[in-house]
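These notes are about the structure you will find just below.
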Amino acid sequence: MTGWVSRGLALTAVVALLATGCGGPASSAPEPTAGTVVRIAAASDLRFALEEVADLVKIEHPDVELAVTYGSSGQFVQQIGNGAPFDLFLSADLAYPEQLVDEGLAESGDVFSYGIGRLVLWAAEESSVDPREGLAVLADPAVRTVAIANPEHAPYGRAAVEALRSAGVWDVVEPKLVLGENVSQAADFVRSGNADAGVVALSLVLASSAKDEGRWAEVPLELFSPLEQGGVVLAGARDPAATRAVRDVLTGEEGRAVLASYGFSPADRA
């Protein structure tokens with residue numbers, strides 16, 4: 001996969017979101033400490049959904065503040081292993097939180113699922129690509145560049161590669177790839193016109209800011225392995241009670257409704 005990296009654009013898109021929260025703690029759980037900042041490493045496909053979850057935190061826990069960094073799940077695992085100061089990890093692949101448990105950086109009881117991600121073929125309005133034709137359209141010689149997340153460390157990138165192989169167009173499409181460091185950056189390549197089309201996360205094209213910026217069609221689920229997304233409260237969390245309170249908002253009824261509105265199917269386990 002190293003050849004892909006050399007063709008990819010290596011700029012890392014890391015976005016910080018600060019949100020404050022409001023409400024009361026669960027009766028059976030310890031109360032978060034007033035003024036606590038919960039530091040979250042979140043997969044970039046959560047960028048817009050998590051903004052709405054932050055509003056729910058604001059309602060339920062007024063003294064808890066969120067500091068969210070978005071990026072590639074695989075890169076976050078490396079950073080956490082090297083001591084990056086995060087309290088909660090929200091991954092696009094449940095295997096990564098489980099890996100942190102194996103490495104002694106979290107407890108197995110703190111691992112949870114929050115949804116199943118989905119892929120779409122997305123093209124800007126001015127692109128000649130019609131996503132309704134499916135992944136086969138990417139083999140057309142008129143399609144010069146196709147954006148996906150870097151499959152070396154981004155779950156959505158691996159899923160995109162798998163889908164392209166399953167669709168029988170991998171050999172033709174592989175030389176056209178431009179790689180984002182995460183799926184959000186891959187979507188940005190499509191939005192900016194730096195790629196004719198992209199295979200990206202459904203959650204990103206459902207955002208209000210993207211709804212009028214292109215056309216998309218969902219990639220059939222049978223073309224790639226399920227993207228079960230999950231998280232974990234890290235062993236080094238400064239305030240475990242506050243961190244678990246944020247987790248509970250995300251996985252609660254209202255949090256799941258927000259996730260569903262961004263195309264995440266319910267997870268089998270919470």
Handout entry: Additional length obtainable on full extension of the chain from residue 261 to residue 52, 0.36 nm per residue less Cα span
Key = 74.2 nm
Exercise for the section: May I ask you to evaluate 6.51 cos²θ - 1.76 cosθ + 1.60, the Karplus curve with θ = phi - 60°, for each residue of the stretch 241-247 and list the ³J(HN,Hα) values in order in whole Hz, giving x for glycine and proline? Expected result: 5, 5, 5, 5, 5, 5, 4
Handout entry: Amide H partners (placed H, <5 Å) of residue 197, local residues excluded
Key = 145, 147
Practice task
Give, as a single signed number, the net charge of other residues whose beta carbon lies under 15 Å from the beta carbon of residue 258, with Lys and Arg counted +1 and Asp and Glu -1.
Solution key: -4
Exercise for the section: Highest first, please rank the peptides 139-147, 228-236 by the mean number of other Cβ atoms sitting within 10 Å of their residues. Expected result: 228-236, 139-147
Fill in the blank from the handout: Given backbone amide H placed at 1.01 Å from N, residues whose amide H is under 5 Å from that of residue 37, ignoring those fewer than 5 places away on the same chain, are 65
Practice task
Report, in debye and to the nearest 20, how large the dipole of the stretch 192-267 comes out about its Cα centre when Lys and Arg carry +1 and Asp and Glu carry -1 on their Cβ.
Solution key: 240
Problem - Extended-chain gain in nm, criterion 0.36 nm per residue less alpha-carbon gap, residue 67 and residue 126 - result: 17.6 nm
Practice task
For the stretch 69-84 and the stretch 103-131, compute the distance between their C-alpha centroids and round to whole Å.
Solution key: 16
Problem - Cβ-derived FRET efficiency at R0 22 Å, residue 192 paired with residue 217, nearest 0.05 - result: 0.60
Handout entry: Packing rank of 40-48, 174-182, where each peptide gets the mean count of other beta carbons within 10 Å, highest leading
Key = 40-48, 174-182
Handout entry: Computed magnitude of the charge dipole of the chain (debye, nearest 20; Cβ of K, R +1, Cβ of D, E -1)
Key = 360
Completion exercise
In Å, the C-alpha Rg and Dmax of the chain are 18.5, 61
Practice task
Quick one: which residues, 5 or more positions from residue 180 or on another chain, have an amide H under 5 Å from its amide H? H modelled 1.01 Å from N in the peptide plane, none for Pro or chain starts.
Solution key: 148, 149, 150, 186
Completion exercise
Over the chain, the sum of -39500 (n - 2.57) across DSSP H runs of at least four, divided by residue number and rounded to 500 deg cm²/dmol, gives at 222 nm -9000 deg cm²/dmol
Problem - Simple Cβ-charge dipole of the stretch 28-168, Lys/Arg +1 and Asp/Glu -1, about Cα centre, in debye nearest 20 - result: 460
Completion exercise
Computed over the chain, the relative contact order (Cα-Cα under 8 Å, seq sep at least six) in percent reads 29
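Laboratory data are not the source of any read-out in this text; all were calculated from the coordinates shown. As the structure is a computational prediction, the values presented were derived from the model and not from experiment. Positions of Cβ are generated from backbone atoms using ideal geometry, with glycine treated the same way; all protein chains shown enter the neighbour counts.
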